[in-house]
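For reference, the structure is listed below as structure tokens.
The values are calculated or read from the model by the stated rules, or taken from the named source; none is laboratory data. Since this is a predicted model, take the numbers as computed values, not measurements. Cβ: placed from backbone, ideal geometry, glycine included. Neighbour counts: every protein chain shown. The area values use the complete protein model at the heavy-atom level, side chains included, leaving out ligands, DNA and RNA. Shrake-Rupley method; radii C 1.70, N 1.55, O 1.52, S 1.80 Å.
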Amino acid sequence: MRIAFAGLATSHPFTDARTLARHAELSVWEEDAERLARFTAEHPHARVARDLDDLLAPGADGIVLTVQTPRVADVLEPVLTLGAPCFVNKPAAATRAQLERLDALVSPHSEKVLTSSVLRFAPAFAGYSIGSQVMSVRATVRHDVGLWATGYNPWQDDPAEGGGTLVTMGIHGVELLVALLGPHVRLAGAAGSLRRHKGLRSEDTGVMALIWESGVTGVVEILGATDVESYTVSVHTAEDTEQIVIESGADVLKGLGYEGTIDAFLSMVHGAPSPVPWGETRAILNILISARESATRPLMEVERM
């Protein structure tokens, strides 16, 4: 089996490669010399491609695509011509224009494309089935973004490129709620503020209010100024509240869903369709982008106070 890595723009492909190396021969294309050197140090037998064309020329059984969000569509377009399954690290789009172009590209090939928060495949969440008497749901995302304030991956912190904290971290919460309740959902409101990491271009704290066609309401809280990493979903009924807690535990790759995500991708390599319908992914990205659009002005007003 041959797996090609198109880009190494975040930490995720390094994690994914450690798992995939147990199953496949690896090839890689990355323009950043430091990131490429890190990858080849971990995988000295990986084939290093000169450019994207060179990466794709021999073909591949599957492709992991991780480039800066504004470049996703440009790289994905030639990748799709191969016909091989592609896992696009999240978020695949962070602006309205990015999503419109991505939708046009992916819709004819939706069974071949997977893009998702890894939390969807975490053992603590994957087996959960929601009941019919749900009144409201809440997802709380705790993941520190202080590294961005040091200048690390500044494009992720830029609302106009990577979407900032609301998009890059908010996807974890929106993904989980849409996985439970489906894609027929709209944004009711969003807000963000800077509480600790004053060097950011986006927010370090955010909230989104959602409502489904069924009438179920939802809240996504994003705590990007936190000393712990965890993800919690609360499901409220008239009688009780159930909680799903996703934590790394002793095995980070398994506990947070990295291994489950790669298992899903490998199933696609062996012929299965994407386990996440494109309609769900499009709804998730639309919520995040709507939140980004809604929250940008209030954030700037908060900063001036």
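The Thr217 and Ala126 beta-carbon pair, evaluated with R₀ = 30 Å, returns a calculated FRET efficiency of approximately 0.80. Using Cα positions and a limit of under 21 Å, work out the lysines in reach of Lys254, with same-chain residues fewer than 8 apart set aside. Reachable lysines: Lys90. All other residues whose Cβ lies under 15 angstrom from that of His109 are scored, Lys and Arg at +1 and Asp and Glu at -1, for a net of 0. For segment 1-84, the solvent-accessible area of protein heavy atoms averages 44 Å² per residue (probe radius 1.4 Å; ligands and nucleic acids excluded).
Using Cβ point charges alone (K and R +1, D and E -1), the dipole size of segment 183-305 about the Cα centre works out to roughly 680 debye. Across the chain, the mean sequence separation of Cα contacts (distance under 8 Å, 6 or more residues apart), normalised by length, yields a relative contact order of 20 percent. Here the simple spin-label model places points 7 Å from the Cα toward Cβ, and for His23 and Asn153 these points are separated by 2.2 nm. Here the relative contact order of segment 141-280, from alpha carbon pairs under 8 Å that lie six or more residues apart, stands at 24 percent. Taking 0.36 nm per residue of separation and subtracting the Cα-Cα distance, full extension of the segment from Arg96 to Ala272 would add 60.4 nm.
If only the Cβ of Lys and Arg carry +1 and only the Cβ of Asp and Glu carry -1, the dipole of the chain around its Cα centre is close to 220 debye.
For the chain, the mean residue ellipticity at 222 nm estimated from helices alone is -11000 deg cm²/dmol, where every DSSP H run of n ≥ 4 contributes -39500 (n - 2.57) and the total is divided by all residues, rounded to the nearest 500. Here the accessible area is traced with a 1.4 Å probe on the protein chains. For the chain, carbon and sulfur cover 49 percent of it.
For the pair Thr40 and Glu247, label points projected 7 Å from Cα toward Cβ lie 4.1 nm apart. Per residue, segment 199-248 exposes 46 Å² of accessible surface when a 1.4 Å probe is rolled over the protein heavy atoms with every protein chain present. Between the amide H of Gly163 and those of Asp158, distances stay under 5 Å, these residues lying 5 or more places away or on another chain, with hydrogens modeled in the peptide plane. Note that segment 120-198 presents 41 Å² accessible area per residue, ligands and nucleic acids not counted, probe 1.4 Å. Dipole check for segment 1-156: with +1 at the C-beta of Lys and Arg, -1 at the C-beta of Asp and Glu, and the Cα centre as origin, the magnitude is about 580 Debye.
Dipole orientation for the chain: of the candidates Ala92, Ala73, Ile287, Ile287 has the Cα lying most toward the positive pole (charges on Cβ; Lys, Arg +1; Asp, Glu -1). Counting only DSSP beta bridges with both residues in the chain, tell me the antiparallel percent, nearest 5. Of all bridge pairs located within the chain, approximately 55 percent are antiparallel.
Within the full protein context, the accessible area of His109 is estimated at about 70 Å² for a probe radius of 1.4 Å.
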